[in-house]
1. Checking residue 188 against (1) surrounded by fewer than 22 Cβ atoms within 10 Å (Cβ to Cβ); (2) touching a residue at least 12 places away in the same chain (Cβ under 8 Å); (3) under 13 Å from the mean Cα position of the chain (by Cα), which single condition isn't satisfied?
2. Any idea which residue in the range 86-112 is most open to solvent (accessible area, probe 1.4 Å), counting only those that are among the hydrophobic types (A, V, I, L, M, F, W, C) and at pLDDT 95 or above?
3. Is it fair to say residue 13 is part of a helix (DSSP H, G or I), touching a residue at least 60 places away in the same chain (Cβ under 8 Å) and more than 11 Å from the ligand (Cβ to nearest atom)?
4. Looking at 20, 10, 28 in this structure, which one is farther than 30 Å from residue 143 by Cα, in contact with a Cys (Cβ under 8 Å, 6 or more places away or on another chain) and surrounded by 18 or more Cβ atoms within 10 Å (Cβ to Cβ)?
5. Is there a residue in the range 35-57 that is open to solvent by 30 Å² or more (accessible area, probe 1.4 Å), part of a helix (DSSP H, G or I), farther than 20 Å from residue 202 by Cβ and in contact (Cβ under 8 Å) with a residue 24 or more places away in the chain?
Amino acid sequence: MREKNDIHLLDRLAQAIVELDGGTVKGLAARTLEAGLDPRCVVAEGLAEGMRRVGERYRQGDYYVPEVLVAADAMEAGLQILSPALETLSAEEPPRGSVLICTAQGDIHEIGKNIVRIILRAYGFRVKDLGVNVSVEQILEEQAAAHHDIVGVSCFLSTSAMGVPNAIRRLKRYHPDTLVMLGGAAVNAEVARTFGADGYADSAIDAAEEAIRLLANRRPVQPN
Ligand code: B12
């Protein structure tokens, strides 16, 4: 059960992102570590929550692109403070497998993907990040070279998400044992299933748990 003071600290951290106050974000991120909070929860319930609130303001027309970008910088400043603690955690976790992560072709949203990458690493996954606007050919090339257990695709634009089912079909044709999970504002659990993905998550912590679940339930692929 989280202490009231901890919830207050995480809420202030999220709010400092909404207020575009990078200095306060840094200071509060350092205080969460002094208070002994798990840095993964600080990322999820402080930094990612702040960006979620910023997204909400953008949707309502209270914030425009410049505010969103300054908020993302403030979030990055907080991540820098947390990153040594996240790396320590990552070294302590059992190695869990490897994940290739990217944003769908035509889509340049990267904030959610970057948070997922950081959290997956903190949970003990090896993660290769191919960046944004990634084509199925790039994914296939990387899979042929490295055979990651899971491919995670971030989908924030509906138009780009339309290309994802075809990408999954092609990926599964060449690499039938690869598990695919999706996330981002343009998809949900049902859409992900319809697209042919094996998993879905709407937050970074859930993404790590989903990846652990997918690997635990992995069945051997039957040869044709
Ligand atoms: C920030 C933002 C931008 C920034 C991106 C900056 C960057 N470097 O990433 C900028 C300003 C550049 C931008 C541009 C555009 N954007 Co924009 N943008 C957003 C906004 C406000 C926030 C997205 C975000 O970063 N949220 C913060 C993160 C932390 O959010 P999150 O979803 O909670 O992330 C978690 C989960 O999604 C999950 N997750 C994420 N990825 C993955 C991957 C996997 C594998 C898993 C398992 C989980 C997972 O874990 C994350 C962490 O907890 C959203 C609004 C929204 N509600 O999403 C619009 C939004 C996504 N954008 C939108 C649009 C339309 C655009 C533009 C087309 C605008 C334009 N007219 O030019 C362009 C597109 C450019 C392009 N080709 O991609 C629309 C998309 C609508 C749609 N359904 O298609 C949205 C929904 C806004 C809206 N309501 O209209 N945008």
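1. (3)
2. 108
3. So residue 13 passes the test.
4. 10
5. No, that holds for no residue.
The values are calculated or read from the model by the stated rules, or taken from the named source; none is laboratory data. Since the structure is predicted, the reported quantities are computational estimates derived from the model, not experimental observations. Note that we place each Cβ from the backbone using ideal geometry, even for glycine, and neighbour counts take in every protein chain shown. In case anyone asks, the SASA skips ligands and DNA or RNA and just uses the protein heavy atoms, side chains included. Shrake-Rupley method; radii C 1.70, N 1.55, O 1.52, S 1.80 Å.
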